[in-house]
Amino acid sequence: MSDTPTEQAAPKRMLLLVDGSSYLYRAFHAMPDLRAVPGDPSSPATGAIRGMINMMERLRKDYPAPLAACVFDAKGPTFRDELYPEYKAHRSPMPDDLRAQIEPIHELVRLMGWTVLDVPGVEADDVIATLAHTAASQGVEVVVSSGDKDLSQLVNEHVMIVDTMNGKKRDVAGVTAEFGVPPSLMIDYQTLVGDPVDNVPGVHKVGPKTAAKWLLEFGSLDALVARAHEVKGAAGENLRQALDWLPKGRQLVSMKTDCDLSAWVPGLPALDALHLHAPDEDKLRVFYETYGFRSLAAKAGGSVPPAPRAAAVMGDLFGEDPAVDPVPASRVQGPVSYTTITDWATFEQWLARIEAAELTALDSETTSLDEMRAEIVGISLSVQPGEAAYIPLAHNGPDAPVQLPLPEVLARLKPWLESPARHKLGQHVKYDRHVFANHGIEVQGYVHDTMLQSYVLEVHKPHNLGSLAERHLGRKGISYEDLCGKGAHQIPFAQVDVARAAEYSCEDSDQCLDVHLTLWPQIASHAGLKRIYELEIATSEALYRIERNGVLIDAPTLAAQSQQLGERIVQLEQEAYEIAGQPFNLASPKQLGEIFFDKLGLPVVKKTATGARSTDEEVLEKLAEDYPLPARILEHRSLSKLKGTYTDKLPLMVNPATGRVHTNYAQAVAVTGRLSSNDPNLQNIPIRTAEGRRIRQAVIAPRGYERGAADSSQIEVRRMGNLAQDEGVL
């Protein structure tokens, strides 16, 4: 390598494009109902404005591009409406409070130094596509900020999509991993699967997996169409029935890269008109004062005194710094909207919503806490805080209504559940993975777990959803005991009144999503925490597979060992009686104390808090160094534990459906980060004693496999030595 200094290459130019229309909606629904005059519902709504302020400031900080534009959908129809009148026909009208904030947001973004574009006749996506294509062809690096997956068709070596809400970046590798096809095939992919959000049909019953499989096999949509007669089965028949539609579908999902933008971007293809300017602080101050953002106005140099702050508030849409106006942590400030789904029409509406959603909170209600035996009673879903739906499926109480059939509902949900491209969120998702697997569904696409988010951020605090919601959102919900009762009077969830069950389950999925929107930005903004969290998510998946696989045990070997242990335990009892000169209860501390200290005159090692002479394990180990009876008692206790915990119990814990023993690895219990095995505890089978090693030998490999064991001895010391570069440890 030469030490001669070389001339540094000039930094590449970057163009930052913001999908303003996408963020309008996301900011509106993510923020609480803020008003220009706090507490006055008749004053202008400002939540979406505030969300845009946070987003634009954060983007400018994270991506210091010299060129930038924020693109919005213009009013009026586009060429797609003429091409297909049903395009977006089922979309709900824009809420009045959001519509009223659009013009102020346009003004705001301009004052912040950005070029604002809203071009009639085309959509914001088309304008973004044209600018991205123009810039990339000149070697300019393009970053598109949007949550819209459809923009993935634009990705190439110069164009990347970022989503500031979840920290996701879609480059060529990211798109390929997420959808199963490279960006160059995304238009073909979208044509096949359709777009339920925009009411664009695809091939009937063809989902992401089939579409990706076909495209990888045939190479392109054109090749697939030409050889459609080769595709077998019902899917092939559906493809052939859709051949006449596919060209129009392709036109609808394809973004235009040749829009005439000369009237909006002077000099194009030159990009100089998109130069990002400094914010106009004077006009921004007036804007902030007009819409009630007092601390922002003061920050911009205004003299308006800050308004009184509400107590106990935390965070905002993108985790901005505490100097800005605080808002309540929960996104839910008004009544919630929960739906109970008992008809197919409502089910299909919600299925379309979760298919289109970027992230769906998913929760299952079941018959058991034993994840390997639990069966589904109901499912709840939430795609935005304050809204959720519950699908009752197996309630059998006296007043239970007619419910949708469980097998058919799961069959309809299965493509979405098993799609890694349909991102899901849960609380302790490993349990739900098992529950759905019990019904033959391998859920894919779990990208977040609020229990693990809490474990990463606050390992020393409770991680159950009720605690998280109360601690971070100020929200309280129905407890399981309130719903089902306690102890002997507790009823199964299947017997709970459906209306109450729906409220309980909808709260779970709703609050899970709400908690995620508070905790995830804190993790995403810290590279180290984000790496740890990603490791925990990956570990959860690995543990699920380990638990699901279970361990095979040799029951006859355990039975023989149990008999041997029993014989040795009886022998130890007799030896203890002979040494003591009388029979006694080896498990009674009181009788042990009388035998040890009164009859045999053994020394008192220590006393309990009440002044009694202690016979705990520490005392027994000390006395066993010099006296035979304590040694017998210790061996008796050790062997009794092995017999009761393992040789007798393990054969009874074999799952009849799998023929294996399935432990549970608790991931978010120990503050040290260690796992905790329970039901049964397979981690604590002794290895230093001959009896313990024999029990381990009863864990066997199936025919054709070999069993292996590995352990990282003194791993904590080794890691500390590595960090400290201590040669003595290394």
Tell me the relative contact order for the chain as a rounded percent, counting alpha carbon contacts under 8 Å between residues six or more apart. 9 percent
Report the per residue volume, in Å³, of the convex hull enclosing the C-alpha atoms of region 69-132. 85 Å³
In straight Cα distance, which aspartates and glutamates are under 13 Å from Lys606, not counting same-chain residues fewer than 8 positions off? Asp616, Glu617, Glu618, Glu621
Farthest toward the dipole's positive end in the chain, which of Thr672, Val654, Asn54, given Cβ charges of +1 (Lys, Arg) and -1 (Asp, Glu) about the Cα centre? Val654
Please work out which option in (1) 28.1, 91; (2) 32.1, 107; (3) 42.9, 152 gives Rg and Dmax of the Cα atoms in Å calculated from these coordinates, and answer with its label. (2)
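At R0 = 35 Å, how high is the FRET efficiency between Glu727 and His460 if r is their beta carbon distance? Nearest 0.05 is fine.
The pair Glu727/His460 has a calculated efficiency of 0.55.
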Model label zone, His204; criterion: amide N under 15 Å from point 7 Å along Cα-to-beta-carbon; scope region 219-248: 233-246
Dimensionless Rg/Rh of region 337-549 - Kirkwood Rh, Rg from C-alpha atoms: 0.95
Which trypsin sites (Lys or Arg not before Pro) from region 192-240 combine a DSSP loop assignment with at most 16 other Cβ atoms within 10 Å? Lys205, Arg227, Lys232
Taking the Cβ of each residue in Phe347, Phe287 as the centre, tally the other Cβ atoms inside 10 Å and list the residues starting with the fewest. Phe347, Phe287
To make sure I understand, if each residue's beta carbon is the centre and we count other beta carbons within 10 Å, what order do His133, His526 fall in, fewest to most? His526, His133
Using distinct alpha-carbon pairs, which all enter the 1/r mean, Kirkwood radius of region 422-487 in Å: 13.6 Å
Normalised per residue, the volume of the convex hull around the Cα set of region 571-700 (Å³): 161 Å³
Counting each DSSP H run of 4 or more residues in the chain as -39500 (n - 2.57), what helix-only mean residue ellipticity at 222 nm follows after dividing by all residues, to the nearest 500 deg cm²/dmol? -13000 deg cm²/dmol
Simple label model, 7 Å out from Cα along Cβ direction - Ile546 to Asn678, nm: 1.7 nm
Mind jotting down the distance between the C-alpha centroids of region 167-196 and region 434-477, whole Å? 28 Å
9 Å beta-carbon shell around Lys430, net charge (K/R +1, D/E -1): -4
Could you let me know the centre-to-centre spacing of region 210-285 and region 374-406, using Cα atoms, in angstrom? 38 Å
For region 96-190, what is Rg from Cα atoms divided by 2.2 N^0.38 Å, rounded to two decimals? 1.20
Under a Cβ-only charge scheme (Lys and Arg +1, Asp and Glu -1), can you give me the dipole magnitude of the chain about the Cα centre, in debye to the nearest 20? 1460 debye
To the nearest Å, what is the center-to-center distance of region 599-666 and region 542-560, using C-alpha atoms only? 24 Å
Two-site label geometry, Ile478 and Tyr705: point separation in nm, points 7 Å out along Cα→Cβ: 4.2 nm
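Once the Cβ-Cβ distance between His275 and Arg660 is put in as r, and R0 is 51 Å, what FRET efficiency do you end up with, to the nearest 0.05?
0.20
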Kindly express, to the nearest 10 degrees and within the range 0 to 90, the angle between helix 344-356's C-alpha long axis and the longest C-alpha principal axis of the chain. 80 degrees
Write out the trypsin sites (Lys or Arg not before Pro) in region 500-580 meeting two conditions: DSSP loop, and at most 15 other Cβ atoms within 10 Å of their Cβ. none
At R0 = 60 Å, FRET efficiency that the Cβ-Cβ distance of Ala411 and Gln582 yields, to 0.05: 0.30
Suppose each label sits 7 Å from its Cα in the direction of the beta carbon; what would the Gln564-Leu369 distance come out to in nanometres? 3.6 nm
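Among Ser92, Ser43, which comes first, second and so on when ranked by fewest other beta-carbon atoms within 10 Å?
Ser92, Ser43
Given N residues in region 408-530, what is its alpha carbon radius of gyration divided by 2.2 N^0.38 Å? Please list the in-between numbers first.
Numbers: Rg = 16.0 Å, N = 123, 2.2 N^0.38 = 13.7 Å.
My calculation over the Cα atoms of region 408-530 gives 1.17.
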A 32 angstrom limit on the alpha carbon distance is what I want to check against. Which of Lys424/Lys643; Lys168/Lys209; Lys149/Lys476; Lys414/Lys643 exceed it? Lys424/Lys643; Lys149/Lys476; Lys414/Lys643
Please give the length that would be gained between Ile687 and Leu535 if that part of the chain were fully extended, namely 0.36 nm times their separation in residues minus their C-alpha to C-alpha distance (nm, one decimal). 51.8 nm
Once amide hydrogens are built 1.01 Å from N within the peptide plane, the residues lying 5 or more places from Ser145 or on another chain with amide H under 5 Å from its amide H are Leu17, Val18, Asp19, Val162
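Where a number appears in this text, it was derived from the coordinates with a stated rule and is not lab data. Keep in mind that what you see is a predicted model, and the values were worked out from it rather than measured. All Cβ positions, even for glycine, are placed from backbone atoms using ideal geometry, and neighbour counts span all protein chains on display.
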